[in-house]
1. For L130, are the conditions met, namely being over 28 Å from T23 (Cβ atoms) and either at pLDDT 90 or above or part of a strand (DSSP E or B) (or both)?
2. Would you point out which residue out of A69, A118, A106, A124 is modelled with pLDDT under 85, outside any strand (DSSP E or B) and surrounded by fewer than 18 Cβ atoms within 10 Å (Cβ to Cβ)?
3. If L137 meets every condition in (1) in contact (Cβ under 8 Å) with a residue 60 or more places away in the chain; (2) open to solvent by less than 30 Å² (accessible area, probe 1.4 Å) apart from one, which number is that one?
Amino acid sequence: MKAIGAVAFVLVMGWASSLGAQTVVNLTSTLDARIDSATATTNYGANVTLSAVNTMSFLLQFDLSSIPAGSTITAATLSLKASNGTADTYEIYEVLRVWVEGTGVAGSGVTYNSFDGAVAWQTAGCLGVLDRGTTVLGSVGPTTTTVIPEVWPLNAAAVPRLQNWLNGPP
């Protein structure tokens, strides 16, 4: 079993303002948590390292408020620094539920079974059609063990989704 252990996730987006100027912004995740079917009721919101192995997934949230209203997103990449390399590839999906990061205390936030520590996902593990989008927005992996973050571009399907996030709640 190999894991991606990440110390920071950065979403890099290129966007154009209404004046036509191209700008790049780096956004560090504001919320992150792992969910694990092997420990389905445990909240890992306080952990500083996220892992992804065959029983785990991780959730990330970014604050787009530093991008001016009216901007057009043209591209995005996801960057992470792995503490353990893996030959595996992990798909990226949009999470449709408003999830709670939590503090690591039981009932404080997201788990494999619940998006907020109390209310169940439609399908455990954020796998239901009401829990996450069905379109793959990109993928992460394989990774190497490195001190330099590795970068993966999000695909063309991700750009309009990010634009919708910037424009307001779906």
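The values are calculated or read from the model by the stated rules, or taken from the named source; none is laboratory data. Computed from a prediction, not measured in an experiment: that's the story for all the values here. Here the Cβ positions follow ideal geometry from the backbone for every residue, glycine too, while neighbour counts run over all protein chains shown. Side chains included, ligands, DNA and RNA excluded: accessible areas come from the protein's heavy atoms. Shrake-Rupley method; radii C 1.70, N 1.55, O 1.52, S 1.80 Å.
1. Values: over 28 Å from T23 (Cβ atoms): yes; either at pLDDT 90 or above or part of a strand (DSSP E or B) (or both): yes.
Considered against the rule, which asks whether it is over 28 Å from T23 (Cβ atoms) and either at pLDDT 90 or above or part of a strand (DSSP E or B) (or both), L130 comes out as yes.
2. Numbers: A118 fails: modelled with pLDDT under 85; A106 fails: modelled with pLDDT under 85; A124 fails: modelled with pLDDT under 85.
Of the residues listed, the single one that is modelled with pLDDT under 85, outside any strand (DSSP E or B) and surrounded by fewer than 18 Cβ atoms within 10 Å (Cβ to Cβ) is A69.
3. That leaves (1) as the condition not met.
The rows are residues; the columns are (1) at pLDDT below 85; (2) open to solvent by less than 70 Å² (accessible area, probe 1.4 Å).
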{"site": "A3", "(1), (2)": "yes, yes"}
{"site": "F9", "(1), (2)": "yes, yes"}
{"site": "A21", "(1), (2)": "yes, yes"}
{"site": "L31", "(1), (2)": "no, yes"}
{"site": "I35", "(1), (2)": "no, yes"}
{"site": "F58", "(1), (2)": "no, yes"}
{"site": "N84", "(1), (2)": "yes, no"}
{"site": "E101", "(1), (2)": "no, yes"}
{"site": "V110", "(1), (2)": "no, yes"}
